[in-house]
């Protein structure tokens, strides 16, 4: 009697970030401004630096860039992490400024959510 092959249900984890530790050249780094033309002198070239510098930049810079969607655009286009950019976009701007800073930091510093794929037959 022929045996029937079966595949048990398995969970496969995949990262949503393509290059979470990517470093870009200074020219492509995130340059923090407080207003158009008012550069703070602070630049980040990877996500680790971005988180560190986000903690110390003037709060006006956080608000300025968040409202313009600059953080999301940089993460998506320079760092090439569209999933993280989407998670930043999901943050509500209707909160006190320091809460906004902390929420952005929480999202940037947290590991990407993992997805599970199930294979059954």
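Quick notes
- Among the residues examined, residue 63 does not qualify as over 13 Å from residue 29 (Cβ atoms), modelled with pLDDT of 95 or more and not in a helix (DSSP H, G or I).
- Exactly one residue out of 100, 84 is buried (at least 18 other Cβ atoms within 10 Å of the Cβ), in a helix (DSSP H, G or I), over 12 Å from the mean Cα position of the chain (by Cα) and at negative phi, and it is 100.
- Taken together, the criteria place residue 56 among residues that are out of contact with any helix residue (DSSP H, G or I) (no Cβ under 8 Å at 6 or more places or on another chain), at pLDDT 95 or above, exposed (fewer than 12 other Cβ atoms within 10 Å of the Cβ) and not in a helix (DSSP H, G or I).
- Any hit, the range 67-77, residues being out of contact with any strand residue (DSSP E or B) (no Cβ under 8 Å at 6 or more places or on another chain), within 26 Å of residue 111 (Cβ to Cβ), touching a residue at least 60 places away in the same chain (Cβ under 8 Å) and outside any helix (DSSP H, G or I): no
- Residue in the range 91-102 that is modelled with pLDDT of 95 or more and under 18 Å from residue 29 (Cα atoms) present: no
The values are calculated or read from the model by the stated rules, or taken from the named source; none is laboratory data. Please read these numbers as outputs of a predicted model, since none were measured by experiment. No Cβ is skipped: glycine too gets one built from the backbone with ideal geometry, and neighbour counts run over all protein chains shown.
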